[in-house]
Amino acid sequence: MSKKVRRLLAVLCIVGVTTGLVGCGSGNDKNNNSKAVQSSSASETEVIQSIKDMKLPKLEDDYTVKLGYYNCDHMTAACIGKDAGIYEALGLNVEVTGNGKVPQAMSAGQMDAGYISFQNVTRGINKGTPITIAANNHDGGSYYLVVSNDVKEPKDLIGQKLGIGTEPEKSWSWRQMAKEMNIPVEGKNYEGINFDSDQNAYMALKTGQIKGYTACDPWGSMAEYEKTGKIMKIFDSVDGETTICCVFALNTNFMKEHEEVAKRLVLAHTKSIEYLYTHPIESAEIFAKNYSVPKEVALLTVYKKTVEEGRTITWKVNESAVDKRLKENVEHGDYENVDKKALIDNSLLKECGADEFDTFIKEKVDKIFPVGMSYDDWMAKAKEIEGKN
């Protein structure tokens with residue numbers, strides 16, 4: 001099945017989503033305690049059993065962690081941690097909130113942990129925000145440029161109102177896409193607008209207020225399903241090389257004041273990713289529920305993130321990718337360079353008892369779901385393993 005066919009299938013399968021996301025992916029979502037919802041088979045999964053086998057001591061600190069993430073398909077681990085029962089199995093109390101204001105909340109000390117972009121962490125550090133990268137979350141893309149149907153070619157975007165921010169030249173994804181489309185990068189060539197969520201950008205396109213925007217899925221597929229727009233460009237690398245995208249960040253004050261909780265939270269992050277790889281159908285069901293998309297769309301998303309595009313969801317911090325990303329952004333004036341000692345603190349990752357990512361993939365994933373496996377074969381194998389019809 002080609003990428004084009006799969007994308008078309010995902011678009012055709014999106015049903016009944018007209019106003020936005022619900023569950024922990026919603027911008028209007030209230031905090032949800034991690035014990036509120038669990039997968040019906042959570043207690044039976046290999047990941048939950050592996051946690052039990054660790055025989056971890058009970059946390060004496062009953063602190064309730066405030067964790068946030070964007071309504072983006074890259075950040076599914078947050079919902080998996082909650083709904084698959086991973087936070088509870090690790091003795092954690094976690095309130096999960098999905099919206100577009102995670103960096104602001106973390107900057108204000110209102111959030112302890114967040115799935116946010118590498119760029120926002122570096123900007124935050126330069127502004128004095130007590131924040132650091134505790135683990136990786138997602139390498140590479142995929143990110144979309146979505147445009148209205150009357151936009152026939154990239155140059156039609158010049159001078160138009162676009163949801164690309166007021167300074168798009170400071171966005172690594174826009175820089176690369178504009179370069180590949182042979183159109184200007186600088187914001188002065190467009191009427192750039194900042195939106196607080198991809199959902200709002202989509203609604204602006206739908207109502208004719210803008211001609212295009214950049215976003216994660218499901219807001220690219222949503223535009224094509226409702227025939228309000230189309231995906232013009234996909235961003236998934238910089239000059240053909242994968243770089244670090246979004247990360248699992250912690251408030252450094254939280255790390256100091258609740259060290260054992262923070263350490264257990266990092267472990268939960270890695271276990272949620274393990275669950276994504278080894279229980280893809282259960283993960284897709286969690287994704288579908290929280291992002292209000294059909295299961296078929298969620299399955300395609302999980303497949304793309306874990307097999308088709310490679311092992312893009314990861315907790316392993318790629319130092320060379322970090323260096324490349326810093327160099328690329330500094331060269332374009334996005335921010336001054338940052339001290340890598342402040343940017344990355346992987347001490348908790350090393351101490352929490354997490355598996356080594358490459359070893360996990362080699363032993364638990366490669367033989368079952370090898371990179372390059374077709375969607376149909378992947379689906380059949382996943383059903384076999386998880387006992388799904």
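Computed values, structure above
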read-out	value
Residues of the range 353-368 classified as surrounded by fewer than 13 Cβ atoms within 10 Å (Cβ to Cβ) and either on the phi > 0 side of the Ramachandran plot or not in a loop (DSSP other than H, G, I, E, B) (or both), total	4
Of all residues making up the range 68-98, the number that are farther than 28 Å from residue 142 by Cβ and in a loop (DSSP other than H, G, I, E, B)	4
Cβ pairs under 7 Å, 6+ apart, first in the range 238-256 and more than 16 Å from residue 325 (Cα to Cα) and assigned to a strand (DSSP E or B), second of a type in the set (D, E, K, R) and at pLDDT 75 or above	250/112; 251/112
Sole residue being free of Cβ contacts under 8 Å to residues at least 40 places away in the same chain, hydrophobic (A, V, I, L, M, F, W, C) and on the phi < 0 side of the Ramachandran plot, chosen from 94, 102	102
Matching helices (runs of 4 or more DSSP H) fully within the range 107-206 where at least 2 residues are touching a Gly at 6+ places or on another chain (Cβ under 8 Å), open to solvent by less than 30 Å² (accessible area, probe 1.4 Å) and modelled with pLDDT of 90 or more	198-206
Pick from the range 369-379, criterion open to solvent by 60 Å² or more (accessible area, probe 1.4 Å) and of a type outside the set (Asp, Glu), ranking: nearest to residue 280 (Cα to Cα)	371
All positions within the range 257-274 that are among the polar types (S, T, N, Q) and either out of contact with any helix residue (DSSP H, G or I) (no Cβ under 7 Å at 6 or more places or on another chain) or not in a helix (DSSP H, G or I) (or both)	270
Tabulated pairs, the range 296-318, first open to solvent by less than 10 Å² (accessible area, probe 1.4 Å), second of a type in the set (Lys, Arg), C-beta under 6 angstrom, 6+ apart or interchain	300/6; 313/305
Exclusive hit being surrounded by fewer than 20 Cβ atoms within 10 Å (Cβ to Cβ), over 21 Å from the mean Cα position of the chain (by Cα) and assigned to a helix (DSSP H, G or I), set 350, 289, 324	350
Of the criteria (1) under 26 Å from residue 344 (Cβ atoms); (2) touching a strand residue (DSSP E or B) at 6+ places or on another chain (Cβ under 8 Å), which one residue 170 fails	(2)
Hey, residue 95 closer than 29 Å to residue 388 by Cα and either modelled with pLDDT of 95 or more or open to solvent by 60 Å² or more (accessible area, probe 1.4 Å) (or both) or not	no
Residue 65 vs. criteria open to solvent by less than 70 Å² (accessible area, probe 1.4 Å) and part of a strand (DSSP E or B)	yes
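The values are calculated or read from the model by the stated rules, or taken from the named source; none is laboratory data. Only a predicted model underlies this, so the values are computations on that prediction, with no experimental measurement involved. We place every Cβ from the backbone using ideal geometry, glycine too, and count neighbours over all the protein chains shown. The protein model used for the area step is the full one, side chains on, heavy atoms only, and it has no ligands, DNA or RNA in it. Shrake-Rupley method; radii C 1.70, N 1.55, O 1.52, S 1.80 Å.
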